[in-house]
Structures are given as C-alpha cells and as structure tokens.
Amino acid sequence: MLKKAGIILVILLGFVVTGQNVFAMEQPNVEVKVISPNQVKDYPGKETTVKAQVTNHTNQSIKDLVVYITMADMGKKWTVNLEDYSADKPEQVKELKPGETKEISLPIRFVYTSNYYLYVTAASAHSLDIYSSNGIPIEIMGNTKINPTIIQVVSIGTPLIILIFVGLNFTKNRRKRVA
C-alpha cells in the first residue's frame, strides 16, 4: 500500500516539476475565432461585417470547409433564422493547409430587437466535426420611447374628440334645416 502511494506521489511530482498539467485541454483541430466586432449594441437595421479567423492545427490539409454565422436569441431561448438577417450565405474555403490561418468576412444585418449570442462555425464536407467560436453578445434595442400613459390618453381621447365634433356638426346642421 505504501509502495503504491509512493509511485502515485512520484508521478504527480513529475507532472508538477515538468510543468505539464494533467487536466490540460487538447487543442482543437480547427480553431475558429471572431476578430471583430467583440460585441454589438445598436438598433434594428444595423449592418456590420463579422470578421473571423479559421486556423488548421492539424498536420493535414482540410478541404471544402464551410464557415458561417450561427445565432441564438437569448431573450426568446431559440435559434435564429439567418435568412431574415441576410447572413445565411456561408463562406467557402477550398483548402486550409496545415498550420494555415484564413480570415473570413461574413456580412449581417440585425433585424429584430432582442439579446443574442453570435458564433462563427466551421464544418468540412469530409468530417463530422463542427468547430465554433466563442459567442459574442449582441443587443439590439428598441428604437421607440413611448409613454404608455400618453398612448392611453390618445387612444381614448381621439375617438371622443371625433365623436364630439361630429355630434356638434350634426346638431348645427339640424338646426339650420329646422330654421
């Protein structure tokens, strides 16, 4: 028992001395990173270009890579149909050589008010693996500042004013006919 504990201690010390982390994460084969913007806070209609880098960390070429935007609506808790956002057209990379990095530009127009996370995703026709960037926060704000009290006053007051005007006009015309 003491011998096993000693062996385990030596192995753990070996990792500490060499500076290696037992729990280190393996680097992905393909890294996708959003360069810009790092966030968006604007009104509906905002058009921008999402710039991303795709890096091949393998020792083999990756062919027929498709790079595209994905978005999740965090306010409504669902994914977004990017056709509405003019962002449904992916960028195609015919070949990404070992160690190569390519910059991709993907246009998007934000349409609806909500809070989103935007990701850039890459997939190859020759692999079932999907690679995605970290999400960037998108806040599309409503561009109206309407006071509900004013809306109520106008929605009730307008028909009343019209009714009074029509009633007075009707009474005035009736008096003219009788006289």
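Laboratory data are not the source of any read-out in this text; all were calculated from the coordinates shown. Computed from a predicted model, the values in this text were never measured in an experiment. With ideal geometry, Cβ positions are generated from the backbone for all residues, glycine too; neighbour counts draw on all protein chains shown.
Per-residue Karplus couplings for region 149-154, computed as 6.51 cos²θ - 1.76 cosθ + 1.60 with θ equal to phi - 60°, are listed in order as 5, 5, 4, 5, 4, 5 Hz, Gly and Pro entered as x.
Once both labels are positioned 7 Å from their Cα atoms along Cα-to-Cβ, the gap between residue 155 and residue 81 label points is 2.7 nm.
Ranked by Cβ crowding within 10 angstrom, fewest neighbours first, how are 108, 138 ordered?
On the way: 108 20, 138 24.
Least crowded to most crowded, the residues run 108, 138.
Summarising the label geometry, the points placed 7 Å from Cα in the beta-carbon direction at residue 174 and residue 47 lie 5.9 nm from one another.
What chymotrypsin sites (Phe, Trp or Tyr not before Pro) in region 92-179 are in a loop by DSSP, with at most 15 other Cβ atoms within 10 Å of the Cβ?
112
With a ≥ b ≥ c taken as the square roots of the eigenvalues of the C-alpha gyration tensor of region 40-179, please select rounded if a/c is under 1.5 and otherwise prolate if a/b is larger than b/c or oblate if it is not?
Cα axes put region 40-179 in the prolate bin.
A crude spin-label estimate for the pair residue 130 and residue 102, with each label 7 Å from Cα along the Cβ direction, gives 2.0 nm.
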